1. Hey, does the range 307-319 have a residue that's in contact (Cβ under 8 Å) with a residue 40 or more places away in the chain, within 16 Å of the ligand (Cβ to nearest atom), in contact with a strand residue (DSSP E or B) (Cβ under 6 Å, 6 or more places away or on another chain) and under 25 Å from Glu121 (Cβ atoms)?
2. Checking the structure you have, find out if any residue of the range 289-306 is surrounded by 20 or more Cβ atoms within 10 Å (Cβ to Cβ), charged (D, E, K, R) and within 16 Å of the ligand (Cβ to nearest atom).
3. Name the residues in the range 157-169 that are of a type outside the set (S, T, N, Q) and either more than 9 Å from the ligand (Cβ to nearest atom) or outside any helix (DSSP H, G or I) (or both), would you?
4. Only one residue in Thr62, Thr101, Thr48, Thr81 is without any contact (Cβ under 8 Å) to a residue 60 or more places away in the chain and of a type outside the set (Lys, Arg). Which one?
5. Specify the residue that is nearest to the ligand (Cβ to nearest atom); the eligible residues are those in the range 170-192 that are touching a His at 6+ places or on another chain (Cβ under 9 Å) and closer than 22 Å to Leu51 by Cβ.
6. Strands (runs of 3 or more DSSP E) wholly in the range 9-126 with at least 1 residues that are under 21 Å from Val312 (Cβ atoms) and away from the ligand (no atom under 16 Å from the Cβ) - which ones?
7. Mind checking which residues of the range 225-264 are among the polar types (S, T, N, Q), within 16 Å of the ligand (Cβ to nearest atom) and out of contact with any Gly (no Cβ under 7 Å at 6 or more places or on another chain)?
8. State whether one or more residues within the range 140-156 are within 13 Å of the ligand (Cβ to nearest atom) and either among the acidic types (Asp, Glu) or surrounded by fewer than 18 Cβ atoms within 10 Å (Cβ to Cβ) (or both).
Amino acid sequence: MDLLKRLLAVTRLAFAGILVIVTQCAAADDYPSRPVTVIVPFAAGGPTDVLARIVTVHMARTLGQSMVIENVVGAGGTTATTRAARAPNNGYTLIVGHMGTHAAAVPLYSKLAYDPQTDFEPVGLLAGTPIVILARKDFPANNLREFVAYVQANTEKLNAAHAGLGSVSHASGELLNSILGIRPTGVPYNGTGPAMNALVGGQVDYMCDQIVNAVPQVKSGTIKAYAVATQQRNPSLPDVPTTAEAGLPELEVQAWNAFFAPKGTPPAVIATLNAAVSKALDDAVVRKQLLDLGSVIPTPAERTPEALAALVRSEIARWTPLLTQNWH
Ligand code: MLT
């Protein structure tokens, strides 16, 4: 009799397991069957928001469902990222994370409520975003060398804008500060969209920001750009020298933005989303929009979930010593 009971128990377990797999496959087969929420951890109008909107407009056409952007701000993007980590893993809540939320935040928040490497399924890279050193249009320096001399001589009087502890603008600004040995007053905003408004308005002195947030303002002369922190000049701002050309080779930062889903999101759903991102990045209209803003469009090899997982790992390894030793 015991053998029969054990056989029945094993059969029930096997059936339950098959039912789960069949249900997941059925769910993945018709995914998405309703709109997908895409959390952007910063204010509307900033680089992450703009990139997310450009790419999701095309993805929605591929997926046949709308992708609804939800801006959730606070704590350098970690508020939203925590919420995304705890969202249902059914593919209907994604987040656009980046070098800040999924790397720089790790050394800066001792009690970070998520682990970028284990609480998410990487979906795919959206765009590389070179960092530019920007200043208000009447800042008393006409090139990077003069900027460096001025900020080193006047650091206690200067206000540097960023998007909160651990954001891309904060992390790259901290790297600049440590290279120059300066301690300006940091002025946090809910994103570099609002920070840019303050810079254009002259309420803050300078900031390190992702190029996609600065091209229109630099071209219209409402702010100054001293250098781009990549090895090559950027085609969207061909007259802006690289940091190496301008005498600051130590500052080399290309940030990035990427889609992540909560841990446990079915592989078939991840594959569907990854294919839709890649299709968007191959679309001529999307590519022009991204390139005109100075984005670096990922190659096919850089677009895989595995490549994104490796990028998160290497970026945490890069930023942890940089921000631990210099963060007071
Ligand atoms: C934004 O979209 O506001 C930026 O990505 C914030 C940041 O500097 O990380």
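1. No: zero hits.
2. No, the range 289-306 contains no residue that is surrounded by 20 or more Cβ atoms within 10 Å (Cβ to Cβ), charged (D, E, K, R) and within 16 Å of the ligand (Cβ to nearest atom).
3. Across the range 157-169, the qualifying residues are Lys157, Leu158, Ala160, Ala161, His162, Ala163, Gly164, Leu165, Gly166.
4. Numbers: Thr62 fails: without any contact (Cβ under 8 Å) to a residue 60 or more places away in the chain; Thr101 fails: without any contact (Cβ under 8 Å) to a residue 60 or more places away in the chain; Thr48 fails: without any contact (Cβ under 8 Å) to a residue 60 or more places away in the chain.
Going through Thr62, Thr101, Thr48, Thr81 in turn, just one is without any contact (Cβ under 8 Å) to a residue 60 or more places away in the chain and of a type outside the set (Lys, Arg): Thr81.
5. Out of the qualifying residues, it is Thr192.
6. Details: elements: 36-40, 67-71, 93-98.
Ranges flagged: 93-98.
7. Asn257 - this is the single residue of the range 225-264 that is among the polar types (S, T, N, Q), within 16 Å of the ligand (Cβ to nearest atom) and out of contact with any Gly (no Cβ under 7 Å at 6 or more places or on another chain).
8. Kept after step one, since they are within 13 Å of the ligand (Cβ to nearest atom), are these residues of the range 140-156: none.
No, the range 140-156 contains no residue that is within 13 Å of the ligand (Cβ to nearest atom) and either among the acidic types (Asp, Glu) or surrounded by fewer than 18 Cβ atoms within 10 Å (Cβ to Cβ) (or both).
Where a number appears in this text, it was derived from the coordinates with a stated rule and is not lab data. What you are looking at is a predicted structure, and each value in this text was computed from that prediction instead of being measured. Positions of Cβ are generated from backbone atoms using ideal geometry, with glycine treated the same way; all protein chains shown enter the neighbour counts.
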